[in-house]
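Inspection log for the structure reproduced underneath, given as structure tokens.
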Amino acid sequence: MWTRVPRHVHQVSVGGRTSARKRSGRNAAYSSTSVYSIAFILLSIGEGCCRDNSLWVAMSRARKKPVQDRSRFMVDTILEAATRVFDDEGTAGTTNRIADLAGVSIGSLYQYFPNKQAILAELALRHLAESTATLLALCDRFDAEEPDRDEMVTAMVGTVVALNGHHPRAHAVMRELAPRTPELVAGFAALTEVLADRMIPHFVRTGTPESAAPMRARLLVASVDGQVHQLIAGASTADDRAALAAAIVAGLG
């Protein structure tokens, strides 16, 4: 005959027999198994549904920063391997595959990156730094050479395509899964604002009314960024990237 075990009683297996003991405290109704199950579910849904949640963002931060040359080299190697894995396998790329390609143990990888999202966050920060330096240098060139509007648009589109085109599928994964950390959000917002501000005088110089120039500059920056990032994953060859850049320029004309 089956005997119903009260919810506040925790069953324990001892020597093949099942005994029961009372659990005390306000959480007596929940077994440790339930707690672990809930934690696992939260971690599992976090990757797919909680990319912008502050808890998930905190869990996706790098565990420690490399200090010595050897550790910096290891982190660089891990990130290079991650770029290749994401470019080859897309979102299916795993930390085990990354560690294997980098030639390090999974334990060594986890010393610096607790999960795949932390790797993507660091890749995104490095992409932001490279993009900022490259695009501000392009604006310096515009200031010095004063090209016409078509030349500026062509140069900006080509530069953004090049920044995202070396590993297009990896960049698509980064855009989809990298957690929106405060550093990334603020950094990309600042870059967009600076680029638009730098373009305003060039719009005025090439005939745009001064009152309309700020909006035109912001539309240009937003349009180039949005179109390149939406379409770059399909541009796997140099010819594809050239065709993409030409199509975007034509659409902005």
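Readers should treat all values here as calculations from the given coordinates under stated rules, not as data from a laboratory. Note that the coordinates shown come from a computational prediction; the quantities given were computed from them, not determined experimentally. No Cβ is skipped: glycine too gets one built from the backbone with ideal geometry, and neighbour counts run over all protein chains shown.
Could you give each residue of the range 138-147 its phi-based ³J(HN,Hα) in whole Hz, using Karplus coefficients 6.51, -1.76, 1.60 with θ = phi - 60°, and x for Gly or Pro?
5, 5, 4, 5, 4, 4, 7, 9, 6, x
Using a Förster distance of 25 Å, how high is the FRET efficiency between ASP100 and ARG175, based on the Cβ-Cβ distance and rounded to 0.05?
0.50
Per 0.36 nm of contour for each residue apart, how much would the distance between LEU125 and ALA222 grow if the chain were fully extended, relative to their Cα-Cα spacing?
Contour length minus Cα-Cα distance gives 33.0 nm.
If you stretched the chain out fully between SER71 and ALA242, how much longer would it get, using 0.36 nm times the residue separation minus the C-alpha to C-alpha distance? Show your work: numbers first, answer last.
Working: separation 171, 0.36 × 171 = 61.56 nm, distance 3.79 nm.
Full extension from SER71 to ALA242 adds 57.8 nm.
If I model a spin label at ALA250 and ALA92 as a point 7 Å from the Cα along the Cα→Cβ vector, what separation in nanometres do I get?
3.4
Can you tally the net charge around GLY90? Count Lys and Arg as +1, Asp and Glu as -1, for every other residue whose Cβ sits under 13 Å from the Cβ of GLY90.
On the way: positive: ARG84, ARG97, LYS116, ARG169, ARG175; negative: ASP87, ASP88, GLU89, GLU176.
Taking every other residue near GLY90 into account, the sum is +1.
Report the calculated FRET efficiency for GLU210 and ASP143 (r = Cβ-Cβ distance, R0 = 22 Å), to the nearest 0.05.
0.80
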